Every structure is written in structure tokens, then in C-alpha cells.
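Q: Below you'll find the structure I mean.
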Ligand code: SF4
Ligand code: SF4
């Protein structure tokens, strides 16, 4: 295959794109051992890192688009290699040269939608708050307790609007003084950044930061672990520091403070899936489990590959926008595990996980008997 430039120029280009962390790699292969891709087909991040070291990156190679940024390899790497940075640097090069293999071309449309409408789903900006229809939701004003930032998927996707609505029902029940930004809200930019489009990420981040500051926002409640990661860890690069809380943490706070009473009786076998960007990337493991355990009657079962070893759903790193052949979906493997432990309800707390699990569920023979729920949807049933 053709290289866009030779050796040293490529090494320098990757370093410039933020991927110089490859220099500590000693090719042990631990990253490949834990990578979920190797459960469904062969894939070698070790090889991509080696190629980067020698300046042999093939930007047209679809392998550079495979990584979901799940973080398992980086957590296990004995040399502390910034593996995700190397992967992103490769994609930044490809994006700069506008080289996208067939199944990645969807990224172009996603980028256009993000740039013009502020969301990746081709939804019109004016429709962003339509999910609130019939609910009591105020526009955020300075002095309110918290800003609720539902994210693009919860604002536009019919399945995920139910999660935004469940969240609002819970907040109202607990007497939380909250508001939303409505049409002024834009995508956090986390996932488009992972596809290598740094400019678009920075534009979205700056727009959101300006809106937060202009509106007097101090504390932000998010439903998506990807928004959580962006606001908490990535927006810090812009020298701002908003208090960010994920709904799994906030629910636990509300229950602990006695503001939310869990009254119902929930006699189903439940298991919890740790989203990569909530667990591995941000160490939030206990709060969702603690809240679920407090639901009267609920039996909580652990999946294999739980907590820091959680099996990625396949949706991070911009993969949510790319086609993955049926036989290569990690979410199918996850639902096999749910079925193996005899759980009836799979609870999670991420819009990408729910999207992928619902797709997998519909293709299963036992799919009818399995429920996929955001934690708010379950809690809504017991308050
Ligand atoms: S685990 Fe780390 S040191 Fe080992 S091959 Fe992967 S990146 Fe290199
Ligand atoms: S971040 Fe996850 S998907 Fe990407 S190479 Fe590492 S283990 Fe594989």
C-alpha cells in the first residue's frame, strides 16, 4: 500500500499529532492479549505502534479505525505507553489527508452534521429540546442547583429520549432545582475527537464552554459517560473547571441524602455493565451498583469481565458511527454473557452501550426475554 510520506516525515508527523508515546513500547504484545477485537477477529495494536515507530503508517489502512478507545490495553501496558494517543495521532493524519476507507466514510456526514447542527445524528438544531414534550422542564438560569445536559443521543434518538425523560421524572420527584440549555446545547465533541478531528472538537468545546459561562453554570449533570469524560478531563485543557457529575453518581447522592425514596419491589435478576468511559476511564464503579442494591427485591448479579475488565460494547472511539459486521460485534458477546448468568435485565448508563445492546438484542432468539435498561429507566419504576 502507498505511504503518504516516508519514514522520518511520518514519525515526525505522528509526534506532532500527539502520538510520540510509542517510543516506550517494547513490543511485548500484552495490548493484543486483552484487546476485545481478538475475541472476534485478529487485530494488532502492537503492530500499529511498531509501524508508527518506523514511520510506516498506512493512513488508508482500515486497521487504524478499529480501536474503540476502550482503554483495556493502556491499563495493562507494562511500559505505560499512551496507546490511545498513538491511535488518535494516526487518525489525525488520515483526517488531515481526508483519507477514509469505505466503512469509515460515514464520519464525513457526521462531521457535517456536528458542524452545522451541533449533533451527529442529522437532527435539526431547533428540535433539540423536543424530547421534553409534556414534561416539566425549565430553561437553565443562573442560581439553579444544576444544569442537566442530556447529550445528542438522548435528545434525538427515539429509544434514548426515554432515558432523558426518565431522568427528568426522577429529578422532579427528588425536588431538584434544575434546567436545560435546550437549543443552545451542542455535542460535547468527545467522540469526534477520537476519530482524529481535533479542529471540530475544539470548536464544539469552545461553543459549549462559552454557553456555560454566559449562563452562569457551575455544576453539570450528564447522562453520557462520553460527556462526563469530555467536560471533566478534556475541557480542562481550556483552563475551565466545571463541577461535573454523572447520573449514576447523582442518583446515589439523592438516595443517600434521603431525597429519593426507592419504594417499589423489583423481583427480577439484574446485572450491570460498566461503560468504558465511566469505569475504566473515570473509575466510577460502585455508585451504580450501590443504588441498584438498594432497590427492594432486586437481585444484582455480576457479569464476567466486570469493573476494570469490562467488555467494551464497541461504540467508543467514533465506532458508534461506523459499520461493524454482525460477526464482529462485541455487544453480541456481552449479551451471551448476560444470558449465561441468567440475568433478565441488563442495566447500564451510556447511550452508546444501550444502542449497541439493543441492536444485538433484536438479533437474538432469546432477545424478547431480555431487557436493556438505562439505570434511570429502572429507578423510575421504583420511585
Ligand atoms: S502492551 Fe505496551 S509495551 Fe507491550 S506491545 Fe503493547 S504498547 Fe507495546
Ligand atoms: S483501546 Fe481497546 S479496542 Fe483499542 S486497541 Fe486497546 S484494547 Fe483494543
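The values are calculated or read from the model by the stated rules, or taken from the named source; none is laboratory data. Please read all numbers here as calculations on a predicted model, not as lab measurements. Ideal geometry is used to build each Cβ from the backbone, glycine not excepted, and the neighbour counts take in all protein chains shown.
Q: Name, by its number, the condition in (1) at pLDDT 95 or above; (2) more than 23 Å from residue 191 (Cβ to Cβ) that does not hold for residue 280.
A: The number of the failed condition is (2).
Q: What's the number of the only condition in (1) farther than 26 Å from residue 188 by Cβ; (2) within 16 Å of ligand 2 (Cβ to nearest atom); (3) modelled with pLDDT under 90 that residue 21 fails to meet?
A: Answer for residue 21: the failing condition is (1).
Q: Let me spell it out: the conditions are (1) modelled with pLDDT of 95 or more; (2) under 29 Å from residue 341 (Cβ atoms); (3) in contact with a strand residue (DSSP E or B) (Cβ under 9 Å, 6 or more places away or on another chain), and residue 178 meets all of them except one. Which number is the exception?
A: (2)
Q: How many residues are closer than 21 Å to residue 229 by Cβ and within 16 Å of ligand 1 (Cβ to nearest atom) if we restrict to region 57-67?
A: So the answer is 2.
Q: What about residue 147, is it farther than 28 Å from residue 305 by Cβ, exposed (fewer than 15 other Cβ atoms within 10 Å of the Cβ) and not assigned by TED's automatic domain parsing to the domain that holds residue 29?
A: Answer is no for this residue.
Q: Quick one: which helices (runs of 4 or more DSSP H) lie wholly within region 193-267 and hold at least 1 residues that are surrounded by fewer than 23 Cβ atoms within 10 Å (Cβ to Cβ)?
A: Ranges flagged: 198-215, 247-256.
Q: Something else about it: Output yes when any residue across region 51-70 is closer than 23 Å to residue 353 by Cα, within 13 Å of ligand 2 (Cβ to nearest atom) and surrounded by fewer than 16 Cβ atoms within 10 Å (Cβ to Cβ), and no when none is.
A: So far as region 51-70 goes, no, none of its residues is closer than 23 Å to residue 353 by Cα, within 13 Å of ligand 2 (Cβ to nearest atom) and surrounded by fewer than 16 Cβ atoms within 10 Å (Cβ to Cβ).
Q: Hey, does region 291-309 have a residue that's crowded, with 18+ Cβ neighbours inside 10 Å, within 23 Å of residue 73 (Cα to Cα), within 14 Å of ligand 2 (Cβ to nearest atom) and in contact (Cβ under 8 Å) with a residue 60 or more places away in the chain?
A: No: region 291-309 contains no residue that is crowded, with 18+ Cβ neighbours inside 10 Å, within 23 Å of residue 73 (Cα to Cα), within 14 Å of ligand 2 (Cβ to nearest atom) and in contact (Cβ under 8 Å) with a residue 60 or more places away in the chain.
Q: Is there a residue in region 326-333 that is at pLDDT 95 or above, out of contact with any helix residue (DSSP H, G or I) (no Cβ under 8 Å at 6 or more places or on another chain) and surrounded by fewer than 23 Cβ atoms within 10 Å (Cβ to Cβ)?
A: Within region 326-333 (the criterion being at pLDDT 95 or above, out of contact with any helix residue (DSSP H, G or I) (no Cβ under 8 Å at 6 or more places or on another chain) and surrounded by fewer than 23 Cβ atoms within 10 Å (Cβ to Cβ)), the answer is no, since none of the residues qualifies.
Q: Further question on the same structure: Yes or no: residue 92 out of contact with any strand residue (DSSP E or B) (no Cβ under 6 Å at 6 or more places or on another chain) and either modelled with pLDDT of 95 or more or within 15 Å of ligand 2 (Cβ to nearest atom) (or both)?
A: When the stated conditions are applied, residue 92 does not pass them.
Q: For region 261-272, check the following and say yes or no: at least one residue is in the same structural domain as residue 311 (by TED's automatic domain parsing) and under 18 Å from the mean Cα position of the chain (by Cα).
A: yes
Q: Could I ask something else about it? Between 134, 109, which is modelled with pLDDT of 95 or more, out of contact with any helix residue (DSSP H, G or I) (no Cβ under 7 Å at 6 or more places or on another chain) and on the phi > 0 side of the Ramachandran plot?
A: 134
Q: For residue 127, are the conditions met, namely being away from ligand 2 (no atom under 12 Å from the Cβ), under 24 Å from the mean Cα position of the chain (by Cα) and either touching a residue at least 24 places away in the same chain (Cβ under 8 Å) or within 23 Å of residue 355 (Cα to Cα) (or both)?
A: yes
Q: So, in region 339-359, how many residues would count as being surrounded by fewer than 24 Cβ atoms within 10 Å (Cβ to Cβ) and assigned to a helix (DSSP H, G or I)?
A: The number of residues fulfilling the criteria is 5.
Q: On to the next question. Answer yes or no: is there a residue in region 72-92 that is under 22 Å from residue 204 (Cα atoms) and more than 16 Å from ligand 1 (Cβ to nearest atom).
A: yes
Q: Condition test on residue 333, is it part of a loop (DSSP other than H, G, I, E, B), over 28 Å from residue 165 (Cβ atoms) and under 20 Å from the mean Cα position of the chain (by Cα)?
A: no
Q: Right, another one. How many residues does region 41-56 contain that are within 12 Å of ligand 1 (Cβ to nearest atom) and either part of a helix (DSSP H, G or I) or modelled with pLDDT under 90 (or both)?
A: 8
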